[in-house]
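To start, the structure under review is shown below, and the notes come after it.
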Amino acid sequence: MLPEIGPEPAGDGTPFSELTTMRVGGPAERVLVAHAVDELVAYAQGLWDTDEPWMLLGGGSNTVMHDDGFAGTVLLVRTNGIAPVADDALPEGKIRLRVQAGHDWDHLVAACVDNGWSGVEALSGIPGLAGAAPVQNIGAYGQELSDVLHSIEFLDRERGHARRIPADALGLAYRDSAIKQGLEGVVLSIDIVLSVGEESPGRRAHAAPEVLSEPIAYEQLASALGVELGERVPIRDLRDSVLRLRASKGMVLDAADHDTWSCGSFFTNPIVSEHFARELPESAPRFPQPVPEPEDAITTFAELEAGLPVRVPPPPPERMVKLSAAWLIDRAGVRRGFRLPGSGAAISSKHTLAITNQGGASAGDVAELARFVVQRVQQEFGVILAPEPNLYGLEL
Ligand SMILES: Cc1cc2nc3c(=O)[nH]c(=O)nc-3n(C[C@H](O)[C@H](O)[C@H](O)COP(=O)(O)OP(=O)(O)OC[C@H]3O[C@@H](n4cnc5c(N)ncnc54)[C@H](O)[C@@H]3O)c2cc1C
């Protein structure tokens, strides 16, 4: 059984198959569990002093470990708590919350919905812990963490101390961040800014506040709720609808359903040039990406006087489009439920993008199937899919 997030019997030698939602992977040589932030800081600094291999693990829902396990120390983040932060700079109608890194993400969303704070309701049902949320800038159903993230408290390995990093200095992009790109350290807590919704007039005394969600930014969600894109619905209805949609795709953890023994989407949606996308079949879904602002190429007098060279305007940025990895995989002939002979890993029977452990899969099985998918899509469309989860000791 996958341990509940929270106090748990994880000790030295615990296999990753018990610590991750894909439920594969060999033993962690040494396991440290931090229940308080001081402990988390002390453990991390102690590990850095020894220079031995170490890694962080939250809920293990975006991590796939090799069958040989990890020859080093795994630091499990199990801190907890949400608290409002006083902030004079906040506009009216906003609230800033500080969430400890080990707080369960969906418990946070549920608490926000209960309190009528909007901004994360479409991120309902995403497994894992708050501290990992900025690592890949979690997103779903038209919302992303970057929409609400104010800053993080980060124990920086290079600097050796904790510092507050504003969200706009974190390189947050589609399933990406400076941390994912190698900024080494520990997210101790995250601060998010949400809207304090107005309660609907005439609601019953003692009833939970019925406030409205943020405008809906995802077609499928709008249609499930029977509204137009951009409309708002009661925040609780939005959460319920997201949870229903996610469950129908095997995207809500359920120990009894092998389709959820996964990391969610195994591949990111590739972003390619519009030029390249023209070569794909007409039916391939394409989502135009925002065009970056052109760089300011006007040389100032001050720069000329300082002897700096005249700046040459860069070529206009290429227009990019996001493709659907699920569509590419399906059209490359790898259908839902597909599995290689003798393998315990299979494509989810509910969603083409999820590689799942159907019972008894090894990390080797998962990686082999992932490699097969990458190869088929590359052969068929010339697109190289990139894995979304963090792979340890495994190569595609
Ligand atoms: C069924 C299912 C559905 C999913 N759906 C979505 C979805 O809709 N959208 C989405 O974006 N993701 C989704 N995911 C992926 C996953 O839930 C998220 O990426 C989540 O944020 C991972 O959290 P975690 O605590 O489990 O991370 P872990 O797997 O424990 O860690 C992930 C990475 O972050 C690092 N890390 C963990 N904690 C910290 C910390 N405190 N400081 C610094 N680094 C840290 C780890 O070292 C590791 O490299 C899904 C996964 C599953 C299983």
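See the values below:
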item	result
Relative contact order of the chain, defined on C-alpha pairs under 8 angstrom at six or more residues apart (%)	15 percent
Heavy-atom accessible area per residue - the range 304-378, 1.4 Å, Å²	50 Å²
Cβ charges +1 (Lys, Arg) and -1 (Asp, Glu), total dipole of the range 59-171, debye	340 debye
Å² of accessible area per residue within the range 1-136, as computed with a 1.4 Å probe and no ligands counted	40 Å²
Spatially proximal aspartates and glutamates relative to Lys322 (Cα-Cα < 18 Å; intrachain offsets below 8 disregarded)	Glu144, Asp176, Glu219, Glu274, Glu279, Glu282, Asp330, Glu380, Glu388
Dipole of the chain, positive end: most advanced residue of Thr299, Leu149, Ala326 [Cβ charges, Cα centre]	Ala326
Residue-by-residue Karplus 3J(HN,Hα) for the range 73-89, coefficients 6.51, -1.76, 1.60, Hz, glycine and proline x	9, 9, 9, 8, 8, 10, 6, 8, x, 10, 9, x, 10, 5, 8, 5, 7
Accessible carbon and sulfur surface of the chain relative to its total accessible area, %, 1.4 Å	51 percent
Helix-only [θ]222 nm of the chain, DSSP H runs n ≥ 4, -39500 (n - 2.57) each, per residue, nearest 500	-6000 deg cm²/dmol
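The values are calculated or read from the model by the stated rules, or taken from the named source; none is laboratory data. Everything quoted here is computed from the prediction, not taken from an experiment. Here Cβ is always computed from backbone atoms with ideal geometry, including for glycine, and neighbour counts include all displayed protein chains. Ligands, DNA and RNA are excluded from the accessible area calculation, which covers all protein heavy atoms including side chains. Shrake-Rupley method; radii C 1.70, N 1.55, O 1.52, S 1.80 Å.
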